[in-house]
Structure formats: C-alpha cells, structure tokens
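Peer 1: Once you've had a glance at the structure underneath, I'll fire off some questions.
The values are calculated or read from the model by the stated rules, or taken from the named source; none is laboratory data. Since the structure is predicted, the reported quantities are computational estimates derived from the model, not experimental observations. Cβ placement follows ideal geometry from the backbone for every residue including glycine, while neighbour counts extend to all protein chains displayed. These accessible areas exclude ligands, DNA and RNA; they are computed on the full protein's heavy atoms, side chains included. Shrake-Rupley method; radii C 1.70, N 1.55, O 1.52, S 1.80 Å.
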Amino acid sequence: MSDAPTTEPCDGCGDPTTDALARVVRLSVDRANIDTQRLCPDCFADWIERYQDRLGSGPDEGDGGSSEIIVD
C-alpha cells in the first residue's frame with residue numbers, strides 16, 4: 001500500500017482532489033444514506049453557502065448557539 005494521497009475528481013467541478021483536501025458530504029435520513037458527494041475545498045464552501053441560504057433558519061437570534069449542520 002502506498003503512502004501517496006489518493007487523487008479522485010471532485011463531484012462538483014471534476015478537478016482532481018487529494019484525500020487530504022477532500023470533504024465528503026453525506027445526506028442521511030433515518031440512518032439511510034441518500035447521497036454522498038466528494039468535494040474540493042471551493043465546492044465544499046459553495047455547498048455550505050447554498051445550504052445556509054436555502055435551508056438555514058435565518059439569523060441566529062436567541063437560539064442558544066445550536067446548529068443543525070454536523071461536520072465530521
């Protein structure tokens with residue numbers, strides 16, 4: 001087994017992304033895997049922004065700092 005990082009394409013833009021830089025986004029509902037995407041840092045940042053714009057609950061006023069986004 002080689003110590004070299006694996007390079008696979010980003011599911012967002014198609015550019016090669018090493019394991020060290022890749023982010024994996026998994027969508028699960030009731031513990032069932034619905035979708036998995038391998039994203040480069042730029043596409044991951046875009047994904048987070050879209051998530052917050054479309055699914056966010058708006059401004060954080062009095063929510064006690066809780067978040068529905070869990071990043072492993």
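Peer 1: What figure in square angstrom, to the nearest 10, would you give for the accessible area of ASP15 with a 1.4 Å probe?
Peer 2: 90
Peer 1: If r is the Cβ-Cβ distance from THR18 to ASP46 and R0 is 25 Å, what FRET efficiency results, to the nearest 0.05? It would help to have the intermediate numbers written out before the result.
Peer 2: Details: r = 19 Å, r/R0 = 0.76.
Given R0 = 25 Å and the Cβ-Cβ separation, E is 0.85.
Peer 1: What are the residues whose amide H is under 5 Å from the amide H of ALA22, where those residues sit 5 or more places off or on another chain and H is modelled from the backbone?
Peer 2: For ALA22, whose amide H was placed from the backbone, there are no distant partners under 5 Å.
Peer 1: If Lys and Arg each add +1 and Asp and Glu each add -1, what is the summed charge of the other residues whose beta carbon sits under 13 Å from the beta carbon of ASP11? Let's see the in-between values first.
Peer 2: Details: positive: ARG23, ARG26, ARG38; negative: GLU8, ASP15, ASP35, ASP42, ASP46.
Net charge around ASP11: -2.
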